[in-house]
1. Roughly how many whole Å is it from the C-alpha centroid of region C:112-145 to that of region B:117-177?
2. Report the gain in length on full extension from residue C:186 to residue C:322: 0.36 nm times residue separation, minus Cα-Cα distance, nm rounded to one decimal.
3. Which one, C:207, C:176, C:217, has the greatest fluctuation when you compute a Gaussian network model over chain C with C-alpha springs under 10 angstrom?
4. Kindly provide the helix-only [θ] at 222 nm of chain A, computed as the sum of -39,500 (n - 2.57) over DSSP H runs of four or more divided by all residues, to the nearest 500 deg cm²/dmol?
5. What FRET efficiency comes out for residue A:159 versus residue A:89 if R0 is 22 angstrom and r is the Cβ-Cβ distance? Round to the nearest 0.05.
6. Which whole number gives the average, over all residues in B:133-146, of C-beta atoms from other chains lying within 10 Å of the residue C-beta?
7. May I ask for log10 I(q)/I(0) of region B:257-341 at q = 0.11, 0.13 Å⁻¹, from a Debye sum over the Cα atoms as equal point scatterers with solvent left out?
8. Would you mind listing how long region B:2-239 runs along its three principal axes, going by Cα atoms, in whole Å with the largest first?
């Protein structure tokens, strides 16, 4: 029964539970947030969703290869600080500083990737250390939030092109195109191999260190895009602006079905995870919860979301036991 | 043409001389066996030849030209492929992705050519008569199927030299036959094959020649063109000693011994034990005291599940289990251990050892786990217990401070045994205890087992190797698709009967034996 | 003979990798103190030495919990310790209200709250199967929120005299709390290497399946280890209040990074199954010494963060390279 096999394959797909969650949350959001399905609200939502989705993709890539990046948030902060302290009103400056920002994001990621790939310290501690280093550097450059982002620049983030395509969505489409391209590249397949079983990958002749560096490079691309979004959204440089992104990125990736052990999951799930997290944060905001409870609720909701993500997986594992 | 030649290869590791004088020659279209005990240097030699290690001295020639292999990729470029033991498969990826791993071909624009990879994988799988879809993920297939995929992966590289390292360790005789067919086909095409194995009867069957290693050097050769294909000729080369004819008690004598103990009831009784999903259905049998009961049959038919349930590890079974006559629900491992049940698990590295801990630490762990009473652990008493265990299993070297990861596979397995000896179990469950273990250690292990049985320990043994069942068991139950389909006793335990029963060929309405029998005796 | 292979520091057994690392750590501490004396005379005085050691105690206590979690295996880590310490401070102060008589209640409250939070972590990690990194990271947010809710943004109460005597007082110029720490170190080392619980912990951390087959309920054991870590963090908060006198929100925040750094410096493998608390303790002293130097150099928080991060980075990379050799 081919249909039966297709359905089973669908149900066993690592992204399926998150897809269900997504549907549920969309419904909830529609109830709570007024005008949820209107274009205005759609556009505004995606202004915050896009960076979340991007960092989810970034973290997902790193987790897939068997590592983790706890310096993601601090990296974003550092990039915003660098950009805000250098940018001036001329178009040339805007272009150059943007390129510099992208280069900085790539550099930070590759720094992690190089050491984790070639020397092999535990990624958790390594990125924990670099996150402190980046945070300190950001504080050094800009002890209090500020800097200068020209209006012409950050307004772009809020614009809508051709009357129907908000800029954040465009950025997202670029990211998706990048994802599709990646899927057909050899190095990407090797990423899954290294994350799935480093020993097997090595025995098959794969350059493990190179693959890890590649993963961090790809992650850096997503981080760069996310940093640009944050700059566009906040128009300032802030050494603490990225703090929340670390937990959010990990949670989004895991909720999206990326297995923490590596080698399992896909970008579709990561994107869904990012949207789910955005919707969750939306719900907390619009449910009129007092600011005292917001941090608390966010943590609780993430745990609950993880619970729902974990339970179907557990049931499958137990039946194999 | 002599495709591979090794002369006077030397290799030392820190303080250990692994190879002092290794010699080997291989001709095109020939299957040459490579045998030797753990620690004989044969594994080191295989790794040097396949480029994983660099030798300290000696000469290596490929296709009659001297070579210097710096990595296994160098070896692969020389059209040499090596089959690992499950070391090069990524569980989450599909079979075809695994087969193509590391050699992915790209089409235009440097994008992956998936269709080509799938086709190549299908062809490779066909060569060894494997019927699983190449789109299946490796984690979903059984260990024997994984082994076959490893072999397929090597074949897909279209090698001129193929090194098979313990390729049949997880395979049943059906699959071994398929492999041998493929090997013969390759021979005809002029491929040269090195066949490394502990399974001497297989070596005798498929190889044209063999080379034996002992203590780091080549000690002998056999050419089956002139000599008889008899394992008994091989064993002395490996052990350096005359073959010890196994002194085995006749089955009548064993029956008397066991009957003598039966007055005190059975050690274990299973009645209608089942697991959901059809993994086990209505399993019933009884284990008498001091008996060695075998579980036979093809791989993965439920033997491991039976053992895991009795160990208290696998939960959620239905049916009744009695230990020493008392009906019990084995809730967890602690419960089982308290009843005197001990399990030697199937994968010693993943389930039986703390690799980075000392021998002492490993041996004492179950004892420590079950310990009650004193405020601090009684070091002196425990140390003596451990020394005793190390002695009983003849651990080499008998140093309790050694880190287990530094021991050979056979000695590691001895540590796993030693763990449970300190607890004096009533029932010993064995999950394929001599898989991947050399001939010398295998004899040790079975001496330990028969010693325990004589002293009254009841043994439930699952062995994938029929010969072990024949040599050691008083009775054998054959398991097929989660059911017990036949009971074979005493002198009737022969290779032929075991094979026939394993395939469940005669299912002529025979009632599942052992069910409903009150005394567990043979019919 | 200990029931585990881990050699004592400064021993000369074959696998003395850990002891080499610790020797380097101790040497670094000495070097730092000399450096400190150079830039700020009086640094090496007995009084100041004791001050630094006293400060290390609080980190040391938190690091004990972290060390246990890491040693229990399964990629164990607790990213919520900082938040639990803060909560411990708040709960203690609000129960104490400056009265000695309330000490037992406050102690119980802080420890119980920490234990409960730890158990939630443990259930999520062990029974639900959520990776420890995420579970504890998310719990950190939850606990931070709890602190906020509990205090309403304004922590009340102060430490009573007795607690202050413990936290800030001295006996023969040796801080009381330091004496307490010595006892803790001795007790922890004893439990780890002489008692059944410690031996079981090392096995559970080394290989959960092997431990389970030897009769240990691994899930339940690991859950309790997280509980203990939380309880210890709550306890640290209680003591910390004795040192600061008045409570502040987020008093425990710096302890998160430093507890993990101390564990790393102490040579405790993040994979679990090996290590000793003494190593982590030395790591705590090293980090606190470094912090003290940075303060006397009047560096900004920015520089402190960079130095801390770089130090951990260098140490971790150095350790990894040694292991590979």
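Only the coordinates and a few stated rules stand behind these numbers; no lab work does. Worth saying up front: this structure is predicted, and the values here are computed from it rather than measured. Cβ sites come from the backbone with ideal geometry, for glycine too, and all protein chains shown count toward neighbours.
1. 44
2. This chain segment gains 46.1 nm when fully extended.
3. Looking only at C:207, C:176, C:217, the largest GNM fluctuation is found for C:217.
4. -26000 deg cm²/dmol
5. Computed FRET efficiency for residue A:159 and residue A:89 comes out at 0.75.
6. 1
7. Treating every Cα as an identical point scatterer, log10 I(q)/I(0) equals -0.29, -0.41.
8. 51, 37, 33
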